[in-house]
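See structure below.
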Amino acid sequence: NAGVTQTPKFQVLKTGQSMTLQCAQDMNHNSMYWYRQDPGMGLRLIYYSASEGTTDKGEVPNGYNVSRLNKREFSLRLESAAPSQTSVYFCASSEASAGAMELYEQYFGPGTRLTVT
Amino acid sequence: SQQGEEDPQALSIQEGENATMNCSYKTSINNLQWYRQNSGRGLVHLILIRSNEREKHSGRLRVTLDTSKKSSSLLITASRAADTASYFCATALYTGGFKTIFGAGTRLFVKA
């Protein structure tokens, strides 16, 4: 099992350019997440998807869009990149029990290092 | 604002010593999780403690949870240089899906 994979690993964009970060998991998890991590900081949730076909905003959704393409894949799109979006982006997946209202451990990808000049 | 807040922000100890990190949160939780991040890598899950548990052990890790004080602590005993990493606590708010919140982390440096 590959776990959670992310592409690309590194990317440099000019202000105003667009790009899509790809994420895929092979653990059959229902829930998937996109986070950003700025230097010396914790992770901030951008968007999450509780199950295939649903997406919701996290703490810092402005400037981003997401697509839950199928159960395996969850992509993050920057339509018009800004220097403030320079960060490391992590995708994660997990199981959750809505009935028990309990979130289980998250599995993280290796991250995408994005620089916007 | 972030729900989980860790302290200290940074901790430097000698190999063999114990390291204690604390986490505070603001709302009710079903569980609290601790993660570790080596420099430049993704996070790795360490341990999950449920709201009805007070203490949990996993190898050299000991986690406590005090729901009345909305706080948790992570103790790493007999630390090793390989424990050098950042440690984060995480909680989740259920709003139809789980909105996860991570603290800013404690950066642990273990000197050999």
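The values are calculated or read from the model by the stated rules, or taken from the named source; none is laboratory data. Just so it is clear, the structure is predicted and the values come from calculations on it, not from any experiment. Here the Cβ positions follow ideal geometry from the backbone for every residue, glycine too, while neighbour counts run over all protein chains shown.
Data for the structure
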{"quantity": "Tally of residues being in a strand (DSSP E or B) and of a type outside the set (Val, Ile, Thr) across segment A:39-81", "calculated": "18"}
{"quantity": "Test result for B:SER68, at pLDDT 90 or above and either of a type in the set (Ser, Thr, Tyr) or in a loop (DSSP other than H, G, I, E, B) (or both)", "calculated": "yes"}
{"quantity": "Top-ranked residue of segment A:18-36 - restricted to ones that are part of a strand (DSSP E or B) and either touching an Asp or Glu at 6+ places or on another chain (Cβ under 6 Å) or of a type outside the set (A, V, I, L, M, F, W, C) (or both), ranked as surrounded by the fewest Cβ atoms within 10 Å (Cβ to Cβ)", "calculated": "A:THR20"}
{"quantity": "Of the criteria (1) more than 14 Å from every other protein chain (Cβ to nearest Cβ); (2) over 30 Å from B:GLN14 (Cβ atoms); (3) crowded, with 17+ Cβ neighbours inside 10 Å; (4) out of contact with any Lys or Arg (no Cβ under 8 Å at 6 or more places or on another chain), which one B:ASP83 fails", "calculated": "(2)"}
{"quantity": "Lone qualifier among A:LEU114, A:LEU103 - being of a type in the set (A, V, I, L, M), more than 9 Å from chain B (Cβ to nearest Cβ) and assigned to a strand (DSSP E or B)", "calculated": "A:LEU114"}
{"quantity": "Positions within segment A:37-71 being facing chain B (nearest Cβ under 8 Å) and surrounded by 14 or more Cβ atoms within 10 Å (Cβ to Cβ), in sequence order", "calculated": "A:MET41, A:GLY42, A:LEU43, A:ARG44, A:LEU45, A:TYR48, A:SER49, A:ALA50, A:SER51, A:ASP56, A:GLY58, A:GLU59"}
{"quantity": "Residues of segment A:72-100 satisfying the condition of being hydrophobic (A, V, I, L, M, F, W, C) and within 11 Å of chain B (Cβ to nearest Cβ)", "calculated": "A:VAL88, A:PHE90, A:CYS91, A:ALA92, A:ALA96, A:ALA98, A:ALA100"}
{"quantity": "Among the candidates B:SER51, B:SER71, residue that is among the hydroxyl-bearing types (Ser, Thr, Tyr), at the interface with another protein chain (Cβ under 10 Å from one of its Cβ atoms) and without any contact (Cβ under 8 Å) to a residue 60 or more places away in the chain", "calculated": "B:SER51"}
{"quantity": "Search result, residues across segment B:95-112 that are surrounded by 18 or more Cβ atoms within 10 Å (Cβ to Cβ), over 10 Å from the mean Cα position of the chain (by Cα) and among the hydroxyl-bearing types (Ser, Thr, Tyr)", "calculated": "B:THR100"}
{"quantity": "From A:ARG113, A:ARG68, residue being farther than 19 Å from B:HIS45 by Cβ, in contact (Cβ under 8 Å) with a residue 60 or more places away in the chain and not β-branched (Val, Ile, Thr)", "calculated": "A:ARG113"}
{"quantity": "Residue list for segment B:54-68, restricted to those being more than 22 Å from B:ALA10 (Cβ to Cβ), more than 13 Å from chain A (Cβ to nearest Cβ) and free of Cβ contacts under 8 Å to residues at least 24 places away in the same chain", "calculated": "B:ARG54, B:GLU55, B:LYS56, B:HIS57, B:GLY59, B:ASP66, B:SER68"}
{"quantity": "Among residues of segment B:51-65, those that are more than 19 Å from A:GLU102 (Cβ to Cβ) and part of a loop (DSSP other than H, G, I, E, B), counted", "calculated": "2"}
{"quantity": "Within segment B:6-45, tally of residues that are under 28 Å from A:LEU114 (Cβ atoms) and within 9 Å of another protein chain (Cβ to nearest Cβ)", "calculated": "11"}
